[in-house]
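Structure first, then comments.
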Amino acid sequence: MDTGMPQKKQTNSHTRKPLTSFLLSQSLAEGSKSEAFIVPSTRKYNDFGYRIGCSVGFRDQNGYVTWLEARCAVRGEKDLFTAIEELLSPDVFELFHHDMEKPFRTLLVDAKSYGIMRRALGEPQARRILSSLNDIAIKSVGARNRDWQDFYREDVFTHAMIRSSEAYFAYRKGNRVLQGLHELDSDARQAFSIELKGAGPQTVFDFQFDSQNFLRGRIAVIIGQNGCGKTSALAKLSKVLADKESRLADITNRPELNQILAFIHTASVRQFTPSSKEGLARARVFTFNPASPRKQSEESATTLLVDVARGHDSQGPLLKHLAEIFRTEFGEFEVYVPMKVERQGQSNLHDIEHSNPSVHRKPSLRHRRSMPCLRPRRFGYARSLPT
């Protein structure tokens, strides 16, 4: 019946975004009509327990598909490949984004990738593709968080998606790169300069963190004679990079940093503790006390190793880099771990079990007092662990 009222135009909500598909292989994209693709990685490596590595593909005007490395999180899933594999079958080789029952989020692993998309598609189309991928770098938090309220508080985001410095930089600057407000080739390894002020060394440091750097753009070395102020300078650098309000230095082209780790000699720890109200945001300080910190304000070495173990960049896990350094600099370095073993039938008594029983010495009185729940029969060295 004609009511005389204008008819509402019938629209399909699925057509508002470019069609995006989940695939298990990049080769399957050739037979798909989608404009964007997500292919889970088959690598066994995980980001803090989450296997969310993937390749993101987009089709240009000529039909050619370009692939970029990315991360993709699906709510409630720790293994992206397994989650998508269970939703597909030999007869169904692709899963469209609007058929996903669980919300998902993606993030390109570096800011350069956003520049690649902008050059290939132009900003409007690149933004449409990223919107269909639910990319977390291009919109405000509230606009993209309605279907996954706790996403930014969950480990999959804080520990996995922005685990590396490059990914964190992409999350913070990807939208600006897409708009052309940053250099298209920007990434976390940018050059910056720091001029120290106040008491102590007043030095200018020019950090050339770029691909042409001899040390791969990831390491800067401060060299000087004993007593020239290297440790004091490092303490100042840590403070000013951790606290944007600090007046201890002038920084040109300040980098975006998500944490500061300071490796220092135990005797120098006092130089890293702020002595004024200016140091409200300070660097995290670790001293090498493997068993436990000597002071309540100190972090244990195990906490430090967890932070290093979380790190990952384009060259591989940071823990692997640390192990290679130990092998090179300390060829005979070994780690010994005592193991607590319960006595049969005596749940409140324990022994210290070791794989090297040839070395024996009784625990000191101090050792007995510090662990009253233990009754060591022998105290030697535990099994050595490779670095």
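The values are calculated or read from the model by the stated rules, or taken from the named source; none is laboratory data. Keep in mind that what you see is a predicted model, and the values were worked out from it rather than measured. FYI the Cβ positions are ideal-geometry reconstructions off the backbone, even for glycines, and counts take in every protein chain you see.
Any residue that is of a type in the set (Lys, Arg) and not in a loop (DSSP other than H, G, I, E, B) - is there at least one of those in the stretch 77-92? Looking through the stretch 77-92, none of the residues is of a type in the set (Lys, Arg) and not in a loop (DSSP other than H, G, I, E, B).
Pick from ALA83, ALA70: which is in the same structural domain as GLN26 (by TED's automatic domain parsing) and under 20 Å from SER131 (Cβ atoms)?
Working: ALA83 fails: under 20 Å from SER131 (Cβ atoms).
ALA70 is the lone residue from the list that is in the same structural domain as GLN26 (by TED's automatic domain parsing) and under 20 Å from SER131 (Cβ atoms).
Kindly indicate whether HIS159 is in a helix (DSSP H, G or I) and either over 21 Å from SER34 (Cβ atoms) or without any contact (Cβ under 8 Å) to a residue 60 or more places away in the chain (or both). For HIS159, the condition - in a helix (DSSP H, G or I) and either over 21 Å from SER34 (Cβ atoms) or without any contact (Cβ under 8 Å) to a residue 60 or more places away in the chain (or both) - is met. Annotation: of all residues in the stretch 190-236 being within 13 Å of ARG254 (Cα to Cα) and among the hydrophobic types (A, V, I, L, M, F, W, C), the one that is modelled with the lowest pLDDT is PHE209. Of the residues making up the stretch 20-72, just one is charged (D, E, K, R), assigned to a loop (DSSP other than H, G, I, E, B) and surrounded by 16 or more Cβ atoms within 10 Å (Cβ to Cβ), namely GLU35. Annotation: LYS239 fulfils all but one of (1) at negative phi; (2) at pLDDT below 85; (3) loosely packed, with under 15 Cβ neighbours inside 10 Å; the unmet one is (3).
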